[in-house]
Amino acid sequence: MASDEIETFRRLLESLQPYPQMQFLLFAEKWGAPEEELLDFCRQEGHSIQLYALGDLAQRAPEAPEIRLRPYRVDQPRYNLQGRLYNHAFITAIPPEEPIAFARKVYTGLVNAGSFYLFCSPAEAPGWQEALEAANYVAGSLIELSPQRCIVSARKMHGWGG
């Protein structure tokens, strides 16, 4: 991740409502710059991360008191998410399943008005925006990190479904 992409992501994290002890949901396949930025932010602010590790990240993930680790399994029906527990979901690696089904599973774990942030290419963004809308997310937007990478964001519809 280039320094300007990291700076944009850092500004996004700093713009989140400053509630105490927020809980973040993270789907990742490798530990890179965005994951490290999120961990640093959580350390500074006293937040925690539930990490769903794709691939072999479960064996390579950093050990930190802010991280609770779960290996990702495609056959998990709901990721064992506690209903309405997570303030924000960050997806830096897309699980190998249908986008609408994935978005709905994450929806159940977000608090009302919780946010969904997905790192993808600009070519993938319209499909994800449609999937999020179909899964009852609202206020969708696109945050450009670079010509090759963006973040699709949306919020859980307050008081509806899930």
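Quickly run through the range 60-75 and pick out the residues that are modelled with pLDDT under 90 and surrounded by fewer than 15 Cβ atoms within 10 Å (Cβ to Cβ).
Answer for the range 60-75, where residues must be modelled with pLDDT under 90 and surrounded by fewer than 15 Cβ atoms within 10 Å (Cβ to Cβ): Arg70, Arg73, Val74, Asp75.
How about the range 33-59: which of its residues are surrounded by 19 or more Cβ atoms within 10 Å (Cβ to Cβ) and among the hydroxyl-bearing types (Ser, Thr, Tyr)?
Within the range 33-59, just Tyr52 meets the criteria.
Residues being assigned to a strand (DSSP E or B) and either closer than 24 Å to Gln23 by Cα or in contact with a Leu (Cβ under 6 Å, 6 or more places away or on another chain) (or both): count how many of those fall in the range 101-144.
So the answer is 18.
Considering each residue of the range 18-56, count those that are within 16 Å of the chain's Cα centre (by Cα) and either in a loop (DSSP other than H, G, I, E, B) or of a type outside the set (S, T, N, Q) (or both), and give that number.
26
Could you tell me whether Tyr117 is within 15 Å of the chain's Cα centre (by Cα), hydroxyl-bearing (Ser, Thr, Tyr) and modelled with pLDDT of 95 or more?
Taking the combined requirement at face value, the residue satisfies it.
Given (1) in contact (Cβ under 8 Å) with a residue 24 or more places away in the chain; (2) in a helix (DSSP H, G or I); (3) of a type in the set (D, E, K, R), identify the lone condition not met by Arg155.
In the conditions (1) in contact (Cβ under 8 Å) with a residue 24 or more places away in the chain; (2) in a helix (DSSP H, G or I); (3) of a type in the set (D, E, K, R), Arg155 misses (2) alone.
What pairs come out if I take residues in the range 97-113 that are touching a residue at least 40 places away in the same chain (Cβ under 8 Å) and pair them with residues that are among the aromatic types (Phe, Trp, Tyr) whose C-beta lies under 6 Å away, six or more apart or interchain?
From the range 97-113, the pairs are Gly109/Tyr86; Leu110/Tyr86.
Please verify whether Ile49 is touching a helix residue (DSSP H, G or I) at 6+ places or on another chain (Cβ under 6 Å) and more than 17 Å from Ile143 (Cβ to Cβ), treating the condition exactly as stated.
yes
Scan the range 76-96 and tell me whether some residue there is at pLDDT 95 or above, outside any helix (DSSP H, G or I) and exposed (fewer than 14 other Cβ atoms within 10 Å of the Cβ).
no
The values are calculated or read from the model by the stated rules, or taken from the named source; none is laboratory data. Computed from a prediction, not measured in an experiment: that's the story for all the values here. Neighbour counts are summed over all protein chains in view; Cβ atoms, including those assigned to glycine, are modelled from backbone coordinates with ideal geometry.
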